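> Pasting a structure here, questions to come.
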Amino acid sequence: MNVGILGGGQLARMLAGAGIPLGLNFTIVDPKADACAGALGRLVTADWEDDAAIEALAGCDRVTCDFENVPAAVLEALGQRTTVHPAARALAAGQDRLVEKRMFESLDIPVPPFAPVSSRPELLEALERIGYPAVLKTRRMGYDGKGQAVLRTVEDLEPAWQALGDHDLILEGFVPFDFECAITVVRSATGALSCYPLSRTVHQDGILRLAMAPAPGTDKLQARAERLGRTLAEHLDYVGCLTLELFAADGRLLANEFAPRVHNSAHWTIEGAQVSQFENHLRAVCGWPLGETAARGRSLMINWIGRMPERERLLACRGLHWHDYGKQARPGRKVGHATLTEADGQSLDTLMAELVPRLDDQSASLLTGLMNDSA
Ligand code: AMP
């Protein structure tokens, strides 16, 4: 079976890595000739709307995405000619933060207060209602903290407006969260659904840096997060993996956003779950039975941002699994990750303590913070 993927980044690369042993072949479309998933499939270098892209994908048995901002019209057109999962409607629901938040509200998925903003007077009005601190975000195309600004005082207003005012915006209340977490759900075309354990996530400057799963101390939250994830997946008649990103505050869960694809917060599932999110996404997309989502113990995933650290220094760390995406170094770019998986939290603590002195200062400090927090 040939699976087409729109987008050739690390998610497509890891999908192909999981799919090749299943007997799948991959056709990958990306505008960039050096797209890192190209190493694992036939790379078609073309814009999403190009005839070359559409023809290459229409000839595949299944089509999926590694990127949520693919124009929904392209997926709709492809959907007339082959089987596309997730469907254009599910992608469209996540492409505009305002539409997404309104959908969450309509499904009784709790969200922070929010308001659409398209002019300065609207921003002032929204701030009056929501109050400081608040987060101003572009409605479309924002990711990894791009296209957003935190407004803590009136002084932050002008620079934020200068940076973002040209776009359609949304203002959200800043959530004083206890921690962030994410739930990944996989759903098949027949409606079978399974959830991975909650992943506790740590972001810096809007970029995911660490994920620990199953998130310690979240036994009570797991069932609630599963309900929210299920509600969303069923509403969208979703096929494949989706991730709902959540804030945990005062024992409540508030939804931030969802990603209609495999997600960085669940990369730990490659080594740390019975069947990884990548394999399960493909099983769902291909119409095959889903695999077990249970954890094999407890895992820590650490992202390499900007450039890869020295390989030998890290590989010498007991139990460390190395993932180099084969991407050029660039500030703020996700270029790889590593995972530690152990049978229980205590053994993982020992391995993490061994890892800390091998990390750069910033990663070491984030990991130490997470270890102290989850002790
Ligand atoms: P996003 O691009 O919406 O996923 O935001 C990236 C990160 O910014 C989140 O994971 C949070 O760490 C932070 N953030 C975004 N929105 C809010 C909010 N309303 N309150 C507090 N932190 C936020």
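> Can you say whether residue 210 is closer than 26 Å to residue 305 by Cβ, outside the structural domain of residue 12 (by TED's automatic domain parsing) and open to solvent by less than 20 Å² (accessible area, probe 1.4 Å), as far as the supplied structure shows? Give the derivation first.
On the way: closer than 26 Å to residue 305 by Cβ: yes; outside the structural domain of residue 12 (by TED's automatic domain parsing): yes; open to solvent by less than 20 Å² (accessible area, probe 1.4 Å): yes.
Yes, satisfied.
> Which pairs turn up if I take residues in the stretch 97-108 that are at pLDDT below 95 and look for partners that are of a type in the set (D, E, K, R) and surrounded by fewer than 19 Cβ atoms within 10 Å (Cβ to Cβ) with beta carbon separation below 8 Å, at least 6 apart in sequence or on another chain?
From residues that are at pLDDT below 95, there are no pairs.
> Which count do you get for residues in the stretch 172-192 that are more than 12 Å from the ligand (Cβ to nearest atom) and either acidic (Asp, Glu) or surrounded by fewer than 18 Cβ atoms within 10 Å (Cβ to Cβ) (or both)?
So the answer is 4.
> Kindly provide the set of residues from the stretch 19-43 that are of a type outside the set (Phe, Trp, Tyr) and open to solvent by less than 20 Å² (accessible area, probe 1.4 Å), ordered by number.
Residues satisfying the conditions are 19, 24, 27, 28, 29, 30, 35, 36, 37.
> Now, a different point. State whether one or more residues within the stretch 124-136 are assigned to a strand (DSSP E or B), within 16 Å of the ligand (Cβ to nearest atom) and free of Cβ contacts under 8 Å to residues at least 40 places away in the same chain.
Yes; the residues of the stretch 124-136 include at least one that is assigned to a strand (DSSP E or B), within 16 Å of the ligand (Cβ to nearest atom) and free of Cβ contacts under 8 Å to residues at least 40 places away in the same chain.
> Within the stretch 137-154, work out how many residues are closer than 20 Å to residue 208 by Cα and either near the ligand (Cβ under 10 Å from one of its atoms) or not in a loop (DSSP other than H, G, I, E, B) (or both).
Within the stretch 137-154, residues that are closer than 20 Å to residue 208 by Cα and either near the ligand (Cβ under 10 Å from one of its atoms) or not in a loop (DSSP other than H, G, I, E, B) (or both) number 11.
Results for (1) open to solvent by 20 Å² or more (accessible area, probe 1.4 Å); (2) within 17 Å of residue 84 (Cα to Cα), shown as yes or no for each residue.
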site: 236; (1), (2): no, yes
site: 250; (1), (2): yes, no
site: 253; (1), (2): no, no
site: 258; (1), (2): no, no
site: 261; (1), (2): yes, yes
site: 276; (1), (2): no, no
site: 281; (1), (2): no, yes
site: 284; (1), (2): no, yes
site: 294; (1), (2): yes, no
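> Restrict the check to the stretch 255-265 and report whether at least one residue is in a strand (DSSP E or B) and out of contact with any Leu (no Cβ under 9 Å at 6 or more places or on another chain).
No, that holds for no residue.
> Scanning for something more than 27 Å from residue 303 (Cβ to Cβ) and either of a type in the set (A, V, I, L, M) or in a strand (DSSP E or B) (or both), does the stretch 155-163 turn up at least one residue?
yes
> Does residue 184 satisfy being modelled with pLDDT of 95 or more and touching an Asp or Glu at 6+ places or on another chain (Cβ under 7 Å)?
Taking the combined requirement at face value, the residue does not satisfy it.
> Here is a follow-up. (1) exposed (fewer than 14 other Cβ atoms within 10 Å of the Cβ); (2) touching a His at 6+ places or on another chain (Cβ under 7 Å); (3) not basic (Lys, Arg): which one isn't true of residue 64, the others all being true?
Every listed condition holds for residue 64 apart from (1).
The values are calculated or read from the model by the stated rules, or taken from the named source; none is laboratory data. Model, not experiment: these values are computed from the prediction. Heads up, the Cβs are rebuilt from the backbone with ideal geometry, glycines too, and the neighbour counts pull from every protein chain shown. To get the accessible areas, we keep the full protein, side chains included, count just its heavy atoms, and leave off ligands, DNA and RNA. Shrake-Rupley method; radii C 1.70, N 1.55, O 1.52, S 1.80 Å.
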